[in-house]
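A short write-up of the structure that comes next.
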Amino acid sequence: MSKEIRIAVVGVGNCAKSLIEGVQYYQDLRSGDEASGLAFTDIGGYLPRNLKFVAAWDVDARKVWRSLSEAIYALPNCAMDIIPDHDVSSAVEFGTQVRQGPRMDGVADYMLDFPETVSFRPKEDTSNEDNIRDVVRHLKERKVDVILNYLPVGSREASKFYFDAALEAGCHMVNCIPVFISGTEAKEWEQKFIDKGLTIVGSDMKSAFGASRLSQIIQEAMLDAGIDVTQHIQLNMAAMSSQGDNRPCGHTANTDFLNMSEQHRLKEKHISKENVIRGQNKIRGKSMDNRTLFAGPSLTVHAIGNNPSGTDTKVCNIDMVAHGFAGARYFLTARLEVQDSPNSAGVVIDAVRFCKVASELGVVGFLRGPSAYTQKTPPVQLSLQQSLDECQALARREITEYTRPQLKENKPQAAELDHGFNDSDQD
Ligand SMILES: NC(=O)c1ccc[n+]([C@@H]2O[C@H](COP(=O)([O-])OP(=O)(O)OC[C@H]3O[C@@H](n4cnc5c(N)ncnc54)[C@H](O)[C@@H]3O)[C@@H](O)[C@H]2O)c1
């Protein structure tokens, strides 16, 4: 069994930076060690240091055709530096270069209106762009096991391009963004991955402890206590706040938030974030009629002037009203401030290892437990405990009632597998 999990990154932004630096940071971790910031040290014999970054695609002129180890430090990336001397040589295979992929719908035109320090600057010359044949050839040459989709929200065409390439090159996929989240699309893609004997984790990352996880936990706890949640509003904002950063100038939201400042791009993000809250009502059979269960994806904050710097800090405010014993009222407000991109890296270190272990056990298609644990819109929403139990079983290399029907030998059909959301929920 090869101990290396070879990874391709599509979109070398803040999340890729934190992930790659994180794999470098946890290099010395051994099985049985407890590590702050990771839910799992050992997944089926794989440790974080078994992840190796061997391929990458982007479109930004400051990143393409540079080594991946350098490109993660290029503007407009603004996530915290985890590795102060920028030496990520254990995590990134020597010679790995960021290739230029097709732009398609990855970069919204309005991103060009923001100063270049905080926004995308796609490379104009398209003559070097990889087409699908080049991408598939490169994935095969680099022996890529898993592709990470880290494209900006709203990149449907570009995501399809890399999904197709994954299927052709025989790579598992971790779909970190909210695309293909309707029941119909999820089933169609799942069948294609099953037919190729591949796994998929998706969709739309749920960070280790971010707004979604917090909303899920509070919603679960109240519902399980018999309390009726009549309002759960989660609002998110990207803004420098109280994290001790005393840089003198103002800050603008990171590119993930800027990219979502136009409504049409964030429709699926909105649905996906609300799925986390509503899913907990749904799996318990609790009514959502006349309840306000809302998650607003972003309030983008801009600094004044032409030379702002980006902030990777995200602030979430939750406002809830609930009714308990004999109608007695609860008002709950919560505020969570996180460093957004590092917060997302741990679940991806796990998701990648789940793909590898599941495929070694002969499981194909969407990994339901890991998807529910690490993503906002999995094929089935589970309670936090159920999803954790499923992940722990897979980490022990055990097959469960969820994974058994997905064994290759059982010839799974996506249409017959559990898809908790029907089409009208998400289409
Ligand atoms: N906690 C989190 O940060 C979190 C949680 C859930 C989901 N996500 C999602 O993960 C994705 C990545 O987040 P991020 O913060 O790294 O975003 P980012 O804006 O920092 O990075 C996106 C990268 O994609 C590149 N890109 C744009 N179009 C491209 C194309 N056609 N081909 C290749 N590359 C292209 C950009 O140049 C940029 O480097 C986003 O969709 C985000 O919403 C993030």
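Checked against the criterion of being acidic (Asp, Glu), away from the ligand (no atom under 15 Å from the Cβ) and under 23 Å from Asp145 (Cβ atoms), the candidates Glu21, Glu4 yield just one match: Glu4.
Quick one: count up the residues across the range 59-74 that are assigned to a loop (DSSP other than H, G, I, E, B) and touching a His at 6+ places or on another chain (Cβ under 9 Å).
Total meeting the criteria: 2.
Taken over the range 320-357, the criterion of being of a type in the set (Lys, Arg) and in the same structural domain as Ala79 (by TED's automatic domain parsing) is satisfied by Arg353, Lys356.
In the range 282-321, how many residues are closer than 27 Å to Pro378 by Cα, touching a residue at least 12 places away in the same chain (Cβ under 8 Å) and assigned to a loop (DSSP other than H, G, I, E, B)? The qualifying residues number 5. When Met240 is tested against the conditions (1) in a loop (DSSP other than H, G, I, E, B); (2) at pLDDT 95 or above, the lone failure is (2).
Checked against (1) assigned to a loop (DSSP other than H, G, I, E, B); (2) at pLDDT 95 or above; (3) over 18 Å from Cys176 (Cβ atoms); (4) not aliphatic (A, V, I, L, M), Asn77 meets all criteria but (3). Of the helices (runs of 4 or more DSSP H) lying entirely inside the range 322-427, the ones with 2 or more residues being closer than 25 Å to Leu148 by Cα are found at 340-361, 368-374, 384-395. Being within 20 Å of His270 (Cα to Cα) and either more than 18 Å from the chain's Cα centre (by Cα) or aliphatic (A, V, I, L, M) (or both) holds for only one residue in Ile177, Ile132, Ile194, Ile200, and it is Ile177. Take the residues of the range 309-327 that are within 16 Å of the ligand (Cβ to nearest atom) and polar (S, T, N, Q): which is nearest to the chain's Cα centre (by Cα)? Among residues in the range 309-327 that are within 16 Å of the ligand (Cβ to nearest atom) and polar (S, T, N, Q), the one nearest to the chain's Cα centre (by Cα) is Thr313.
The values are calculated or read from the model by the stated rules, or taken from the named source; none is laboratory data. Keep in mind the model is a prediction, meaning the values are calculated, not measured. Backbone-built Cβ (ideal geometry, glycine too); neighbour counts: all protein chains shown.
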